1. Do you know the relative contact order of chain A, to the nearest whole percent, from alpha carbon pairs under 8 angstrom that are 6+ apart?
2. In a solvent-free Debye calculation with one equal scatterer on each Cα, what is log10 I(q)/I(0) for chain B at q = 0.10, 0.18, 0.19, 0.20 Å⁻¹, listed in the order of the q values?
3. Quick one: check the C-alpha center-to-center distance for segment B:12-63 versus segment A:11-88, whole angstrom.
4. Work out the P(r) tail for chain A: percent of alpha carbon pairs separated by more than 19 Å, whole number.
5. From the mean inverse distance of alpha carbon pairs (Kirkwood) and the Cα radius of gyration, derive Rg over Rh for the protein assembly as shown.
6. So what is the relative contact order for segment A:1-64, in percent, with contacts set as C-alpha pairs under 8 Å and at least six apart?
């Protein structure tokens, strides 16, 4: 049962253009969402997050949008840079029950930014 | 601030052998996670601790995997006996408190190869 889904295994964009990574979830108990970036041979590093009470959060070149009714979130990177090339994971935190604080990940999207 | 420390970085063992991984979370972090990441997939939660108590171990193969977090600080994850399908990266992460919406910080992981 994949509760967090990233349906695009890979994305390729040109430097300077916008990268849009998408994520869908099914569990209505999720109330906090995070994006992580992972380089080869390293652990995931936190990028940006959003609470379910918001629909947008911005940090520099990175913006996360949340559509609760559609159970969908997206990460926008503008402008994209070659150093952004990595695997991006969407993750969600449980806010109830015995699994409070459980962090569930999607499958990841490989972003490649071409110079 | 020191990050999450894991050791060893790499381990190669034969099937049916045992192996142990160690994790030292960020000081003061109450919540500790162990994830298994198989190549091409997202991290899968194996076990979650709050201080020295287990919060969620629903996806831990308890016939061969065990984990403990004595004194609510360091943690060890053990596999005995290992199977070929256990080949993966084992990631440890910690967060301030599972009842607060904060990001989890990851270690570099241990890459396990079972031959």
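Read-outs: derived from the displayed coordinates by stated rules, not from any lab. Quantities reported herein were computed from a predicted structural model and do not represent experimental measurements.
1. Numbers: 283 pairs, mean separation 41.7, N = 115.
Once divided by the residue count of chain A, the mean separation gives 36 percent.
2. With no solvent term, the Cα-only Debye profile gives -0.26, -0.85, -0.94, -1.04.
3. 25
4. On the way: 2745 of 6555 pairs.
The proportion of pairs with Cα distances above 19 Å equals 42 percent.
5. Numbers: Rg = 17.5 Å, Rh = 18.0 Å.
Ratio of gyration radius to Kirkwood radius: 0.97.
6. Details: 64 pairs, mean separation 13.8, N = 64.
Reported relative contact order: 22 percent.
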